[in-house]
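A quick write-up on the structure given underneath.
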Amino acid sequence: MIELDTIKTSRWPEAVTIMDVGPRDGLQNEPYVLPAAKKIRLITGLVDAGVKWIQATSFVHPKAVPQMADAAEVVAGLPQRDDVHYFALIPNQKGYERARAAGMIHLALVLSATETMNQRNLNLSVSESMAIAEQLLRRAKNEGVMVRVDISAAFVCAYEGVTDPGQVVQQTDELLAMGADQICICDTTGRANPQQVAELFAALRHERSPDRLAAHFHNTYGLALANTVAAMQQGITFFDASIAGLGGCPYSPGATGNVATDDLVNMLNQMGVKTGIDLERLCDVSDFVQEFSGQLPPSAYYRATRVKKKVA
Ligand code: MG
């Protein structure tokens, strides 16, 4: 059990980094398949709005995730910018090889904190995934590739319930010792609450550099921004978000997706925390999301500022 007096309560960072995962986590949880040219237009819009970290696609089996079958085509069409870090998600060695062949130098290796989630998602045990991570991280160091590891179900597992925080701390330590550049703590099911987030990050930041940790919140129960604040209070300054709130939750079919980048940037602007992202240009990208999805995006900021209401 973590002591509550280790939790800070009133300190905001001067700036935070946002990785937009909409082109990957967002689109992979949408029912339609967006053509590669439109994915590239989406990513180009994000770059134009000032987003410097983008999870552009994933190299997973096309049968498992048909939305990402065009990964190499998307990578080939990415705007060439030295100041933008494009990431591809990979589940294993095969994904590593496909991503490297496509020219990717920033990778996100995914594994789970819980046995059942790892089996269902990757068809591997947690220890098998950790062994794969060790091999890939060694290889990546030799090849000059940056790898962050995404630990899914870090708070609540869809199959096993509340995740043991000790397991997440141990996995984080092992992965950092193996040479992972960053560990992203993922609330895959969107069931984390700010108290749980504060406790886990308080434990994680102890003797670990906060800039090697990132947080990934889904807004399934409307708690993603509250969870973000709780993580920021623990010194976390790197957050994932999805443009317009694109996406969903594979474990809650009716739910919305990751926290909307628009909402996260709006909150941070209001708090005086810098992101380097232009909120109005970001909403121009959300206009495009609305256009191709045919649906009003979940982003609260977008709904409050961009939707033309009919007044009776
Ligand atoms: Mg996710």
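Nothing in this text is a laboratory measurement; each read-out follows from the coordinates by a stated rule. In this text, all values refer to a predicted model and were calculated from it rather than measured experimentally. Please note: Cβ atoms are built from the backbone with ideal geometry, for glycine as well, and neighbour counts cover all protein chains shown.
Quick notes on this structure:
- Around the Cα centre of the chain, unit charges on the Cβ atoms of Lys, Arg, Asp and Glu (plus for the first two, minus for the last two) sum to a dipole of about 680 debye.
- Volume of the convex hull of region 4-311 (Cα atoms only), normalised per residue: 126 Å³.
- On the basis of the beta-carbon distance and an R0 of 41 Å, VAL229 and ASP284 show a calculated FRET efficiency of 0.95.
- A Gaussian network model of the chain, with springs between Cα atoms under 10 Å, assigns the largest mean-square fluctuation among ARG205, ARG148, ARG139 to ARG139.
- The chain: calculated mean residue ellipticity at 222 nm from DSSP helix runs of at least 4, using -39500 (n - 2.57): -11500 deg cm²/dmol
- The charge dipole of region 198-286, taken about its Cα centre with unit charges on the Cβ atoms of Lys, Arg (+1), Asp and Glu (-1) only, comes to about 240 debye.
- Translational diffusion of region 13-91 was estimated from the Stokes-Einstein equation, with Rh taken as the Kirkwood radius over Cα pairs; at 10 °C and 1.306 mPa s the coefficient is 124 µm²/s.
- Spin-label model distance (nm) - ALA64 vs GLU134, 7 Å beyond Cα toward Cβ: 2.2 nm
- Backbone N atoms of region 158-187 closer than 16 Å to the 7 Å Cα→Cβ label point of SER127 belong to residues 171.
- Of ILE105, ILE132, the sequence from fewest to most neighbouring Cβ atoms within 10 angstrom is ILE105, ILE132.
- In terms of distances greater than 23 angstrom between alpha carbons, the cross-link table entries LYS38/LYS274; LYS52/LYS274; LYS63/LYS94 yield LYS38/LYS274.
- Of all DSSP-defined beta bridges confined to the chain, some 10% are antiparallel rather than parallel.
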